[in-house]
Amino acid sequence: TLRRHIASIHKGPYHKWCKAENFLSMLPEDTRARKLELEGLEKNQKMQQTQVIDHFNAVEPGEAPVFYSDELIKEAAVEWLIATDQPIQAFEHPKFKNMIDIIARANRGIILPNRKQAREDIIRLFKDQMKRLRERLNV
C-alpha cells in the first residue's frame, strides 16, 4: 500500500511534512505506537463508564421549556396579536395556521429569522414572484 511505501522509502520527509503541517502520521508503525500508548494509559487510569447525563445539554435555571396547554397558547397568541397590532382575523389566515402547524412539530424549540434574514427572504420572494409574473405575461 501507499502507506507502507512511504514508511519504507520516504519516512523522514513524511515525518518532517507531518510536523510542519501539524498532521497526525498515518504510517502503520506510528498508528500502532499510538494505539499501544493509549492502551497503556487506559491500564493506568481507571476506566470510567459514561453516564446518560453526559449525552444531554444542560438547561440553565429559568430556561426550562414551557409545556404546551391550550390556555397558554391562547394567552400567548392574544398577547402577540395585541403587541404587534395585528387584526383579529390574523388567527384565521391560512398562512398563520400553516406556520403554527410547522412550529408544533418542532421538538427542540425554533429559531426565528432576525430582521436582516427576514428582509433578505422577503426581497428574494418578491424578485421570484416578479420573475414568474414576467414569464407569465411574456408568453
- Message: So the check is Cβ under 9 Å with 6+ separation or different chains; which pairs have a first residue in region 23-36 that's without any contact (Cβ under 8 Å) to a residue 40 or more places away in the chain and farther than 16 Å from T1 by Cα and a second one that's in a loop (DSSP other than H, G, I, E, B) and open to solvent by less than 50 Å² (accessible area, probe 1.4 Å)?
- Response: R34/S25
- Determine whether T50 is at pLDDT below 75 and of a type in the set (S, T, Y). yes
- Considering region 82-99 alone, what residues qualify as being more than 22 Å from the chain's Cα centre (by Cα) and surrounded by 10 or more Cβ atoms within 10 Å (Cβ to Cβ)? Q86, A90, F91, H93, F96, K97, N98
- Query: Does N138 qualify as being open to solvent by 100 Å² or more (accessible area, probe 1.4 Å), modelled with pLDDT under 90 and of a type in the set (S, T, N, Q)?
  - Reply: yes
- Within region 101-120, how many residues turn out to be under 16 Å from K74 (Cβ atoms) and open to solvent by less than 70 Å² (accessible area, probe 1.4 Å)? 1
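The values are calculated or read from the model by the stated rules, or taken from the named source; none is laboratory data. This is a predicted model, so every value here is computed, not measured. We place every Cβ from the backbone using ideal geometry, glycine too, and count neighbours over all the protein chains shown. What goes into the accessible areas is simple: the full protein's heavy atoms, side chains included, and nothing from ligands, DNA or RNA. Shrake-Rupley method; radii C 1.70, N 1.55, O 1.52, S 1.80 Å.
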